[in-house]
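Engineer: Below are the structure tokens for one structure; questions will follow.
Here, each number is a calculation from the coordinates, and none is a lab measurement. Note that the structure is a prediction, hence the values are computed from the model and not measured. Note: ideal-geometry Cβ built from the backbone for every residue, glycine included; neighbour counts use all protein chains shown.
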Amino acid sequence: MRTLEQEKDLFFIDGSTYDLLTEELKTTVVCPKDEFRGHAIYKNFHVSNCHRTWRISDYDYVIAAQPGWYESLPASKQQLVFNEQKRTGSCMLIGSTLITQRFWSRLTAAQQQEVISLYDEPIEQLDVSGLPDRFTRLHGVFPDEHGGNCFAAALYGVTDEETILNEWMHDQMFTDMLTRNHYIQTDQPESDSVMVFVRDGVVVHACYMIDDDYCFNKSGQMFYNPWHIARIDKVKTDWKDCELVYYSSAGKANMARTNKQACYA
């Protein structure tokens with residue numbers, strides 16, 4: 001089950017706010033920005049994705065507080081901390097409420113899932129009947145944990161290995177695995193090919209072509225991003241600022257080249 005439960009509350013603040021909270025921080029851990037970025041505990045994978053730390057900017061310190069610390073502050077100091085979370089872009093807030101661990105623990109299971117669903121990525125409603133079951137049964141399904149990304153979804157199409165779905169694959173890991181499965185770059189895409197989007201020489205997105213019209217896709221590594229079937233034309237539009245290349249199994253790619261050459265013979 002998806003959860004925002006974490007060991008501590010993280011609050012992102014600038015230097016002036018730090019100075020105003022000195023008395024309240026005497027027994028609370030505070031990480032300077034540079035140390036937080038490399039901290040194995042406070043910036044773990046689950047925490048990073050819940051807060052979307054890559055989107056948070058213009059802060060100097062991160063308060064790593066025990067649950068209840070925020071609620072113990074005077075109202076004026078709570079407002080100060082809240083304003084900083086809103087300013088820096090933390091995703092752990094809804095309207096005028098911070099999603100602290102104390103707040104989260106007081107919600108029912110149903111309420112917790114309702115809160116999480118507020119951040120869920122909407123997907124296009126499609127008639128996917130008639131497509132292979134290994135894709136249709138995953139259409140619109142949200143993973144229980146952060147991790148699985150677009151590269152993992154594409155490789156699931158290639159390998160039919162379900163355990164890959166939850167892997168956080170990097171671009172080199174992805175292209176190496178394509179090679180191990182005898183996929184090569186081709187200019188003749190068809191069903192079972194992989195569409196790969198490249199920006200500034202770096203692979204940034206990929207999806208698996210189910211047929212000429214639909215592909216199996218995942219938009220990101222968060223549990224707010226469901227596995228889904230998407231129209232190929234829409235994915236191309238979404239990533240139109242990238243170079244598009246195709247990878248097909250070596251046997252099919254070679255056959256396509258042979259057929260193309262035969263047409264000109």
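Engineer: Determine the gain in length on full extension of the stretch residue 181-residue 162; use 0.36 nm per residue of separation and subtract their C-alpha separation, reporting nm with one decimal. Present the calculation step by step, with values, prior to reporting the outcome.
Structural biologist: Details: separation 19, 0.36 × 19 = 6.84 nm, distance 1.56 nm.
Additional length available on full extension: 5.3 nm.
Engineer: For residue 57 and residue 234 in one chain, what is 0.36 nm times their gap in residues minus the Cα-Cα distance, to one decimal in nm?
Structural biologist: Between residue 57 and residue 234, full extension yields an extra 60.7 nm.
Engineer: Here's something else I'd like to know. If you plug each phi of segment 195-206 into the Karplus form 6.51 cos²θ - 1.76 cosθ + 1.60 with θ = phi - 60°, what whole-Hz ³J(HN,Hα) values come out, in order, with x for Gly and Pro?
Structural biologist: Going residue by residue, I get 8, 10, 10, 10, 10, 6, x, 10, 6, 10, 7, 7 Hz, with x marking Gly and Pro.
Engineer: Sticking with this one: Taking θ as phi - 60°, what are the ³J(HN,Hα) couplings along segment 44-59 by the Karplus curve (6.51, -1.76, 1.60), each to the nearest whole Hz, with x for Gly and Pro?
Structural biologist: 7, 5, 4, 4, 4, 6, 5, 8, 6, 4, 5, 9, 7, 9, 6, 9
Engineer: Further, regarding this structure: State to the nearest 20 debye the size of the charge dipole of the chain about its Cα centre, where the only charges are +1 on K and R beta carbons and -1 on D and E beta carbons.
Structural biologist: In debye, rounded to 20, the chain gives about 160.
Engineer: Moving to a separate point now. Picking from 235, 117, 173, whose Cα lies most toward the positive end of the charge dipole for the chain (charges on Cβ: Lys, Arg +1; Asp, Glu -1)?
Structural biologist: Of the listed residues, the answer is 117.
Engineer: For residue 43, go through the lysines and keep the ones whose alpha-carbon is under 30 Å away, minus same-chain ones fewer than eight residues off.
Structural biologist: Cross-link targets: 8, 26, 33, 77, 86, 218.
Engineer: Report the local net charge at residue 225: Lys and Arg +1, Asp and Glu -1, summed over other residues whose C-beta lies under 9 Å from its C-beta.
Structural biologist: -1
Engineer: I would also like to ask the following. Quick one: dipole size for segment 148-196, taken about the Cα centre, charges +1 on Lys/Arg Cβ and -1 on Asp/Glu Cβ, in debye to the nearest 20.
Structural biologist: 100 debye
Engineer: Sticking with this one: Any chance you could list P(r) for the chain, counting all Cα-Cα pairs in 10 angstrom bins from zero, rounded to whole %?
Structural biologist: The percentages, shortest bin first, are 6, 25, 27, 20, 13, 6, 2, 1, 0.
Engineer: Let me ask something additional. What value, in deg cm²/dmol to 500, does the helix sum -39500 (n - 2.57) over DSSP H runs of n ≥ 4 give at 222 nm once divided by the residues of the chain?
Structural biologist: -9500 deg cm²/dmol
Engineer: If amide H atoms are built 1.01 Å from N in the plane of the peptide, which residues on other chains or at least 5 residues away come under 5 Å of the amide H of residue 30?
Structural biologist: Amide H neighbours of residue 30, under 5 Å, 5+ apart: 64.
Engineer: So if R0 is 41 Å, what FRET efficiency would residue 211 and residue 97 give, r being the distance between their Cβ atoms, rounded to the nearest 0.05?
Structural biologist: About 0.35, to the nearest 0.05.
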